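I have placed the structure first, in the form of structure tokens, so that the comments after it can refer back to it.
The values are calculated or read from the model by the stated rules, or taken from the named source; none is laboratory data. Predicted model, so just to flag it, every value in this text is computed and none were measured. A quick note on method: Cβ atoms are made from the backbone with ideal geometry, for glycine too, and the neighbour counts reach across all protein chains shown. Accessible surface areas use protein heavy atoms only, side chains included; no ligands, DNA or RNA. Shrake-Rupley method; radii C 1.70, N 1.55, O 1.52, S 1.80 Å.
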Amino acid sequence: MQSSHDTPYEWPAATIAAMRIRSIEIFYAVMQCGTVKAAADMLHITQPAATRLLQQAERHAGFALFQRVKGRLVPTHEARALYPDVEQLYLKLDGIRRLVDNLAHGEGGVLRVLCVPSLAQDWLPRALSPVMRRHPDLRLSVRTLHSRQIVDSLVLREADIGFAFEAPEHPALVAEPLAQGRLVCVGPGLARARVTLEELASLPVIDLDASDPLGRLLHNARTVQGIEFSTRALAHSHHTAIALAREGLGLALVDSFTGLAAQGTLQLDAVPVEPEIPITVHAMRLHDAPGSALVRHLVDSMARVLTSGGVTPTPAARVQTAAGPAPARASPARPPAARRSRKPA
């Protein structure tokens with residue numbers, strides 16, 4: 001049944017509540033795949049079973065969800081209006097399944113590590129090396145994610161430890177500062193000891209995404225000082241910014257850990273930006289997770305590796321205390337103590 005309405009209709013929660021979990025799964029699968037056969041494959045069921053589930057879903061919803069057009073199932077107006085809420089519910093169900101699986105199987109002799117891309121390419125492997133030598137039978141799982149994804153994965157108990165630049169504002173997690181770096185400018189032929197934000201306003205700059213932790217600090221500092229950059233490109237990762245700078249497309253503004261690695265491997269120059277914009281590397285874990293000597297070994301190893309570069313990074317105060325208010329992002333504050341945030345996610 002095709003609706004004659006021209007504007008989206010927001011279906012009440014009762015409509016979704018009337019659909020059973022299996023109906024939600026088949027509806028989501030058909031919306032994703034476009035055919036019953038592909039949806040059946042996605043759900044690991046037979047095509048006749050998928051057809052029956054779709055018919056049941058339409059009965060529970062009280063209206064047609066799809067029309068068949070040239071061998072494909074085309075969503076009705078009602079189905080398109082319903083899909084955003086069903087998608088959110090499906091993703092929550094998937095997260096619950098993963099959490100149940102992780103609780104059921106436990107760690108199983110695997111060290112599960114999450115890390116932001118800027119640290120995963122150069123620094124994390126150095127920190128893992130002595131840990132793996134000390135534990136030759138240990139299996140390792142390393143995933144590279146952005147900060148918010150690391151928080152979500154830790155909460156779902158999909159990992160034992162995560163390394164990121166930003167202490168999470170999540171009540172289930174505790175963060176331990178390991179080392180403090182700062183914003184640096186990276187590019188070829190930077191024959192200077194430092195560069196100011198004011199000077200960067202007249203230079204071609206590869207800007208950082210404002211959703212990135214360091215990008216937020218940079219944008220806040222520029223706003224406070226009333227400085228506009230001549231942005232030539234926008235990078236969504238620190239390594240992308242470095243790659244663009246290497247090809248002469250502008251100057252990269254990245255953390256000093258990434259900058260030091262670029263100095264060593266790409267022969268690029270990295271100079272501090274003034275006034276200083278500090279950034280702290282944190283180790284994150286669930287606050288209710290039992291202490292692990294293995295995880296402690298990795299955290300200590302990561303701290304040693306990060307502070308051994310010797311040029312810009314400096315050790316952060318590694319004291320675990322109760323959570324306090326988050327520092328203002330635009331001000332150069334001392335590295336925060338490891339904490340459990342009181343703020344809701």
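Here are a few things to note about the model shown:
- For segment 105-164, the set of residues classified as open to solvent by 30 Å² or more (accessible area, probe 1.4 Å), in a helix (DSSP H, G or I) and not hydroxyl-bearing (Ser, Thr, Tyr) consists of 105, 117, 125, 126, 130, 132, 133, 134, 148, 149, 152, 155, listed by residue number.
- Subset of segment 176-206 [under 22 Å from the mean Cα position of the chain (by Cα) and either without any contact (Cβ under 8 Å) to a residue 24 or more places away in the chain or open to solvent by 10 Å² or more (accessible area, probe 1.4 Å) (or both)]: 176, 180, 182
- Segment 225-243, subset under 20 Å from the mean Cα position of the chain (by Cα) and open to solvent by 10 Å² or more (accessible area, probe 1.4 Å), residue farthest from residue 189 (Cα to Cα): 236
- Checking each residue in segment 293-315 for being of a type in the set (A, V, I, L, M) and modelled with pLDDT of 60 or more picks out 293, 294, 295, 298, 299, 302, 303, 305, 306.
- Condition met for residue 232 (of a type in the set (Lys, Arg), at pLDDT 85 or above and touching a strand residue (DSSP E or B) at 6+ places or on another chain (Cβ under 7 Å)): no
- Number of positions in segment 125-172 that are in contact with a strand residue (DSSP E or B) (Cβ under 7 Å, 6 or more places away or on another chain), polar (S, T, N, Q) and over 22 Å from residue 293 (Cβ atoms): 3
- Checked across segment 244-262, the condition of being farther than 17 Å from residue 198 by Cβ, modelled with pLDDT under 85 and either in a loop (DSSP other than H, G, I, E, B) or open to solvent by 50 Å² or more (accessible area, probe 1.4 Å) (or both) holds for no residue.
- Subset of segment 276-298 (residues that are among the hydroxyl-bearing types (Ser, Thr, Tyr) and either within 30 Å of residue 196 (Cα to Cα) or within 21 Å of the chain's Cα centre (by Cα) (or both)): 280
Here's the yes/no breakdown for (1) modelled with pLDDT under 75; (2) open to solvent by less than 50 Å² (accessible area, probe 1.4 Å):
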| site | (1), (2) |
| --- | --- |
| 25 | no, yes |
| 32 | no, no |
| 41 | no, no |
| 45 | no, yes |
| 57 | no, yes |
| 63 | no, yes |
| 68 | no, no |
| 97 | yes, no |
